[in-house]
Amino acid sequence: MSTVTCLRRSSRPRRLTVAVSAIARNSLLQSPSATASTPSACGAVASSHVRHSSHSPMGAAPANQRKKVTLGTLRSLHGRGEPITMMTAHDFPSAHVADHAGMDVILVGDSLAMVALGMEDTSEVLVEEMLLHCRSVARATKGAFTVGDLPMGSYEISPEQALSTAIRFIKEGRVQSIKLEGGKEMAPTIRKITAAGIPVLGHVGLTPQRQNALGGFRVQGKTSKSAMSVLEDALAVQKAGCFAIVLEAVPAEVAALVTQKLAIPTIGIGAGAGCSGQVLVQTDMTGNFPPGRYLPKFVKKYGHVWSEALKAIETYRVEVKSRDYPAKEHTYPMPEEEFAAFEKAVKNL
């Protein structure tokens, strides 16, 4: 099948078809590997287009595509005692790499207020901003289970308000579940949302959206009374219908005991290895920040993304200034006779 015939079978107008055909034909001529011996001229056009694009797509599926993680998958992991891996992501690239790395759950956390939007704390981020980031993450995530974090002010007024926001996260944000902070007092809200068929991830212990009421980012459950309060909150949100609970900034032994008392998984962040799984903010654990930035005690830095990116960009700047970039291999060829004709045509302009 010829390139022109292949493209004309589409529903595009003839004028656009001819233009696209000409572009495709030129691309085929420029690419030695795209010859008539290929199985399909249409396939050759698509391949050639990708090779000559200035901005390559990032959405390629993993080499070994895994089965989509569901609530059933998470229950199975919990049932057999296999830790659940959760990672935050705030845009397409961060979700893409987390999904490729095999994360069980990707959380679009309100921590993006600081790490992606440069805000002072999570209380500033708006629903519309969270929805934009949720959609970006959802486009990249093919295997992991996705959770969207309801921002402060979008669910506390009433269960009805919370349900309305949760529905937007599912319909507009394209995530599979939502997360909200709070214990016993949020039980009616959780029941309202789960009754509508929307899975809810709870969050007890240190609840950053309430940092002002807690006196800052302070460890919770350090006394017998405080630890009992964490357990009571966890039991309450479990009874209300949460499929799992984030335990944040709780002593490891308290988190382990709370985990034993629950029938649903706990996801620890600063809560020790006795939880059913762990979550970290991707920007923190990959080292994608400049030297001197404060890191919580529980964060382990697994990479040095900032320093690698800085080195690459500085090298680029130097090579542009010295005209070492772009080199010949980074440019597109032109037949000598065509350039000679062009040079002659513009000589007297």
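What to note about this one:
- Listed residues 157, 136, 180: farthest to the positive end of the dipole of region 110-183 (Cβ charges): 136
- The distance separating the Cα centre of region 241-283 from that of region 315-349 comes to 58 Å.
- Computed from point charges on the beta carbon alone (+1 for Lys and Arg, -1 for Asp and Glu), the dipole magnitude for region 57-169 about its Cα centre is near 880 Debye.
- Across the accessible surface of region 85-202, with the other protein chains kept in place and a 1.4 Å probe, carbon and sulfur atoms take up 57 percent.
- Cα gyration tensor shape for region 172-296, rounded if a/c is under 1.5, else prolate or oblate: oblate
- R0 of 22 Å, Cβ-Cβ distance residue 308-residue 139: FRET efficiency to nearest 0.05: 0.30
- Taking amide H as placed 1.01 Å from N in the peptide plane, residue 266 has its amide H under 5 Å from the amide H of 245, 276, 277, each at least 5 places away in sequence or on another chain.
- In this simple spin-label approximation, residue 119 and residue 325 carry label points 7 Å from Cα along the Cα→Cβ vector, and these lie 3.4 nm apart.
- Ligands, DNA and RNA left out, the 1.4 Å accessible surface of region 260-349 is 58% carbon and sulfur atoms.
The values are calculated or read from the model by the stated rules, or taken from the named source; none is laboratory data. Note that the coordinates shown come from a computational prediction; the quantities given were computed from them, not determined experimentally. Note that each Cβ is placed from the backbone with ideal geometry, even for glycine, and that neighbours are counted across all protein chains shown. SASA here: full protein model, heavy atoms, side chains in, ligands and nucleic acids out. Shrake-Rupley method; radii C 1.70, N 1.55, O 1.52, S 1.80 Å.
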